[in-house]
Amino acid sequence: MDKEAAYHIAGSYYEACNCEAICPCRRQNDVPGGRSTYGDCDLLLSWQITQGHLGNVDLSGLSVSIAGTYNDDIGDDIWSVFIYIDQAASRPQFDALSQIYSGRAGGNLGVTANFSTILGIKPAEILLDHTAGAETIHVGTSASAQVVRVFEFEGRVSCGIPGHDHPGLTVQDAPLTFSYSERCGFATDFAYWN
């Protein structure tokens with residue numbers, strides 16, 4: 001596929017990490033976030049694409065999830081990640097989503113600039129529920145997260161990942177292996193394009 005091919009994807013987003021709620025890297029009431037709670041952040045991110053395309057490849061109805069880890073003290077390009085692409089994707093759809101989520105397609109999906117190591121890009125059975133207050137992620141037998149309870153906060157919390165301006169976690173996909181309960185999650189909608 002052409003690296004410069006235009007893309008646009010939009011839909012719902014949910015993530016979970018090992019930080020205490022509210023994740024300190026979140027922007028709170030327009031005050032920029034900072035370091036993660038423990039200095040090491042283990043994370044599971046998910047996107048349900050309701051509409052989208054790269055060039056003439058339709059991406060509507062597909063899901064993507066990323067499991068990863070980083071340390072606050074290592075530097076700017078610090079994440080080691082697995083990128084999971086919906087197993088229902090055709091080969092052209094898999095390739096398009098691989099380009100977008102690895103950062104090779106450019107655009108405003110800024111989180112990809114943090115990837116120092118992509119451990120793999122894999123097809124997976126991804127089951128997402130982004131219903132407010134009941135969000136869940138299941139990535140085959142490799143990863144899962146679910147909301148236990150909603151954290152009450154007076155004000156506005158937003159994500160540092162571009163396109164997001166509107167909280168148990170397990171990953172078992174070596175070398176990523178971690179499990180947490182009653183930590184932090186964040187949900188919103190998204191739109192990315194190039």
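The values are calculated or read from the model by the stated rules, or taken from the named source; none is laboratory data. Being a predicted model, the structure only gives us computed values, none of them experimental. Here Cβ is always computed from backbone atoms with ideal geometry, including for glycine, and neighbour counts include all displayed protein chains. Note: areas computed on protein heavy atoms with side chains; ligands, DNA, RNA excluded. Shrake-Rupley method; radii C 1.70, N 1.55, O 1.52, S 1.80 Å.
Classify the stretch 63-128: rounded, prolate or oblate, from the alpha-carbon gyration tensor (a ≥ b ≥ c, eigenvalue square roots; a/c under 1.5 rounded; otherwise prolate if a/b is larger than b/c)? It comes out prolate by the Cα gyration axes. Under the simplified labelling scheme, the S179-T117 pair shows an inter-label distance of 2.3 nm, with each label point 7 Å from Cα along Cα→Cβ. Rolling a 1.4 Å probe over the protein heavy atoms leaves C25 with an accessible area of roughly 40 Å². Here V147 sits with roughly 20 square angstrom of accessible surface, probe radius 1.4 Å.
For the set R183, R104, solvent exposure ranked by accessible area (probe 1.4 Å, protein chains only) runs largest to smallest as R104, R183. Suppose each label sits 7 Å from its Cα in the direction of the beta carbon; what would the N108-V148 distance come out to in nanometres? Here the modelled spin labels are 3.5 nm apart.
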